[in-house]
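Comments concern the structure below.
The values are calculated or read from the model by the stated rules, or taken from the named source; none is laboratory data. Just so you know, these numbers come straight off a predicted model, no measurement behind them. Using ideal geometry, Cβ is built from the backbone for each residue, glycine included, and neighbour counts are taken over all protein chains shown.
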Amino acid sequence: MSIATALRSLASTFARPRSLDRDGWRVTVDRGGRAGWLSYEEPCGTLRFGWEMLSRGTGVHLPPAGEWDDECARRGAAWAAGRRDEISRRITDELVRLREPGARVVPAIDGFDLLS
């Protein structure tokens, strides 16, 4: 898949935000060039994370596990403290479902990569 095709796919997939699902959360991705912001939203607040196009997929940047709670406190998101694995899993599941079915999720210290 060319970079231009991947960017069009990403933009069209996330152009229309969906309402909060039955569990009360959603993931949206801001349009951009080769990088941008991803939002994880619950009724009590929103967390934003950076994403970037990679040569074979998409990389999403999250605070490392040891820094997650401090980063949540710094961002005024105490509701997300202790929930890095849960929120990360929701984000990966949603990105794979909407953008890249069949993508392989590769964990990293600072987030994860979705590889085609």
Can you name every residue in segment 89-105 that is in a helix (DSSP H, G or I), β-branched (Val, Ile, Thr) and in contact with a Phe, Trp or Tyr (Cβ under 9 Å, 6 or more places away or on another chain)?
-> Ile91, Thr92
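Does Ala81 count as more than 19 Å from Arg97 (Cβ to Cβ) and out of contact with any Cys (no Cβ under 8 Å at 6 or more places or on another chain)? Quick ask: steps written out before the conclusion?
Values: more than 19 Å from Arg97 (Cβ to Cβ): yes; out of contact with any Cys (no Cβ under 8 Å at 6 or more places or on another chain): no.
So Ala81 does not fit the description; no.
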So which residues in segment 69-91 are crowded, with 19+ Cβ neighbours inside 10 Å and not aliphatic (A, V, I, L, M), if there are any at all?
-> Cys72, Arg84, Ser88
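Mind checking which residues of segment 72-85 are in contact with a helix residue (DSSP H, G or I) (Cβ under 9 Å, 6 or more places away or on another chain) and of a type outside the set (Phe, Trp, Tyr)?
Kept after step one, since they are in contact with a helix residue (DSSP H, G or I) (Cβ under 9 Å, 6 or more places away or on another chain), are these residues of segment 72-85: 72, 77-85.
Scanning segment 72-85 gives Cys72, Ala77, Ala78, Ala80, Ala81, Gly82, Arg83, Arg84, Asp85.
Per-residue answers, yes or no, for (1) part of a helix (DSSP H, G or I); (2) touching a helix residue (DSSP H, G or I) at 6+ places or on another chain (Cβ under 9 Å); (3) of a type in the set (Val, Ile, Thr); (4) modelled with pLDDT under 90:
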| site | (1), (2), (3), (4) |
| --- | --- |
| Met1 | no, yes, no, yes |
| Arg22 | no, no, no, yes |
| Val27 | no, yes, yes, no |
| Phe49 | no, yes, no, no |
| Glu52 | no, no, no, no |
| Val60 | no, yes, yes, no |
| Asp70 | yes, no, no, no |
| Ile87 | yes, yes, yes, no |
| Pro107 | no, yes, no, no |
Give segment 50-68 a look and list any residue that's surrounded by fewer than 17 Cβ atoms within 10 Å (Cβ to Cβ), touching a strand residue (DSSP E or B) at 6+ places or on another chain (Cβ under 6 Å) and over 16 Å from Leu115 (Cβ atoms), or say none.
-> Gly50
